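Novice: Below you will find the structure I want to go over with you.
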Amino acid sequence: KETMAIEIQPKTSWPHRYERHVQPCVAELLGTALFIFSGCLSVVEDSVDTGRLQPALAHGLALGLLVAITGDI
């Protein structure tokens, strides 16, 4: 019996242009916009009792959250 030899060439696993260029830019834009938005909202209520702690905590927590969300992109 004759057998046919079929050569299978593996696909190159290069990511698409969207995944290489567009997706990181959109994630950076979204992360920066949300970080600035939450930071500005934390100082809108400028009461005497909060001092510098409220904006510092808001910025720190927002930065940690955004890094966790967009870090793998």
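Novice: Using only helices, what value at 222 nm comes out for the chain when you add -39,500 (n - 2.57) per DSSP H run of length 4 or more and divide by the total residues, to the nearest 500 deg cm²/dmol?
Specialist: Theoretical 222 nm ellipticity from helices: -18000 deg cm²/dmol.
Novice: At 1.4 Å probe size, with every protein chain present, just tell me what the per residue accessible area of the chain comes to in Å².
Specialist: Here the per-residue accessible area is 95 Å².
Novice: Could you pull the Cα extents of the chain along its three principal axes, largest to smallest, in whole Å?
Specialist: The Cα atoms of the chain stretch 91, 19, 10 Å along their principal axes.
Novice: Could I ask something else about it? Using only Cα atoms and rounding to the nearest 10 degrees, what angle (0 to 90) does helix 53-70 make with the longest principal axis of the chain?
Specialist: Roughly 10 degrees, rounded to the nearest 10.
Novice: So, one more: With angles folded into 0 to 90 degrees, how steeply does helix 23-42 sit against the dominant principal axis of the chain? Use alpha carbons for both and round to 10.
Specialist: The two axes meet at around 10 degrees.
The values are calculated or read from the model by the stated rules, or taken from the named source; none is laboratory data. None of these values were measured; they are calculated from a predicted model. Ligands, DNA and RNA are stripped out before the accessible areas are found, and what is left, the full protein with its side chains, is counted by its heavy atoms. Shrake-Rupley method; radii C 1.70, N 1.55, O 1.52, S 1.80 Å.
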